[in-house]
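Each remark here refers to the structure printed beneath this line.
The values are calculated or read from the model by the stated rules, or taken from the named source; none is laboratory data. Since the structure is predicted, the reported quantities are computational estimates derived from the model, not experimental observations. Please note: Cβ atoms are built from the backbone with ideal geometry, for glycine as well, and neighbour counts cover all protein chains shown. Please note that ligands, DNA and RNA were not included when accessible areas were found on the heavy atoms of the full protein model with its side chains. Shrake-Rupley method; radii C 1.70, N 1.55, O 1.52, S 1.80 Å.
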Amino acid sequence: MKLYNYWRSSSSWRVRIALNFKGLDYEYIPVHLVKDGGEQRLDWFAQKNPAKQVPLLEVDGIALSQSMAILDYLEQRHPDPTLLPEDAYMRAHAIQLAEIINSGTQPLQNLLVIQKFKAQGWDAKLWCQEAIIAGLAAFEATLEHNGDFCVGQSPTWADLCLIPQLYNARRFEVDVSQWEKISAIEERALAHPAFAAAHPDKQPDAQ
Ligand SMILES: N[C@@H](CCC(=O)N[C@@H](CS)C(=O)NCC(=O)O)C(=O)O
């Protein structure tokens, strides 16, 4: 199994956590998102993923992009240990939280948006801060069944999306300590081996 990814990509980090949590070995293929205009835009990668984004997982003779689709595939193929609650509502709640980040926050502050803002001479940092604060405030307010993790006592997709987003928040100088529940969950998650090993600083292409 090959994971095309980038050390600081939050969507890649989600997949790395899942692979670690499920004990699945993979080959780490770095795709530098900035160098020479971004390797994700080179032909060899764009042919694999026309969206020109990481992560991309090659597995079982297929290639999958979009971190949530990859998480779903891994969950179906390797259900044990699970990253989703069994109860229908709790499962939907975990996905609801994950989507607050995946579709409601991360796309508003991703590399493409930042590059477009900068090209226009607009304040990318302020825009990203506003998007992140709105997303994380909504996330905190939506947490209703948190325990050690976002939903109950073990990690779910909600944690896989939250933890990398908090790293991004700090990059944009957002004070994450203002969200009590989120901060407590982060402390526990970062101590978990699957999360710790997936941390950007631990990746072979870290700078
Ligand atoms: N919805 C996608 C988002 C992927 C995404 O935004 N990837 C970023 C890195 S986190 C990327 O490759 N950006 C390259 C670019 O914007 O040129 C997913 O969940 O996989």
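For the range 22-39, how many residues are of a type in the set (A, V, I, L, M, F, W, C), over 17 Å from residue 107 (Cβ atoms) and open to solvent by less than 40 Å² (accessible area, probe 1.4 Å)?
Adding up the residues that qualify gives 3.
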Kindly list, by first and then second residue, each pair from a residue in the range 102-123 that is more than 16 Å from residue 13 (Cβ to Cβ) to a residue that is open to solvent by 70 Å² or more (accessible area, probe 1.4 Å) and part of a helix (DSSP H, G or I), limited to pairs with Cβ atoms under 8 Å and residues at least 6 apart or on different chains. 108/127; 113/127; 117/127
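From 164, 107, grab the single residue that is open to solvent by 30 Å² or more (accessible area, probe 1.4 Å), within 16 Å of the ligand (Cβ to nearest atom) and not assigned by TED's automatic domain parsing to the domain that holds residue 33.
Working: 164 fails: open to solvent by 30 Å² or more (accessible area, probe 1.4 Å).
Unique residue meeting the criteria: 107.
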Scan the range 1-12 and give yes if some residue there is within 11 Å of the ligand (Cβ to nearest atom), in contact (Cβ under 8 Å) with a residue 40 or more places away in the chain and open to solvent by 50 Å² or more (accessible area, probe 1.4 Å), otherwise no. yes
Can you tell me which residue in the range 57-74 is surrounded by the fewest Cβ atoms within 10 Å (Cβ to Cβ), limited to those that are touching a residue at least 40 places away in the same chain (Cβ under 8 Å) and in a helix (DSSP H, G or I)? 68
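One line per residue, one yes/no per condition, for (1) open to solvent by 30 Å² or more (accessible area, probe 1.4 Å); (2) in a loop (DSSP other than H, G, I, E, B):
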site	(1), (2)
96	yes, no
119	yes, no
138	yes, no
154	yes, yes
182	no, no
185	no, no
189	no, no
Output for the range 68-102, where each listed residue is within 13 Å of the ligand (Cβ to nearest atom) and either under 15 Å from residue 164 (Cβ atoms) or of a type in the set (Lys, Arg) (or both): 68, 70, 71, 98, 99, 101, 102
Residue 51: passes all of (1) modelled with pLDDT under 95; (2) within 12 Å of the ligand (Cβ to nearest atom) but (1)
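With respect to residue 77, determine if the residue is within 19 Å of the chain's Cα centre (by Cα) and of a type in the set (D, E, K, R). Quick ask: steps written out before the conclusion?
On the way: within 19 Å of the chain's Cα centre (by Cα): no; of a type in the set (D, E, K, R): yes.
Criteria not met by residue 77.
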Is one or more of the residues making up the range 80-89 in a strand (DSSP E or B), free of Cβ contacts under 8 Å to residues at least 60 places away in the same chain and out of contact with any Phe, Trp or Tyr (no Cβ under 7 Å at 6 or more places or on another chain)? no
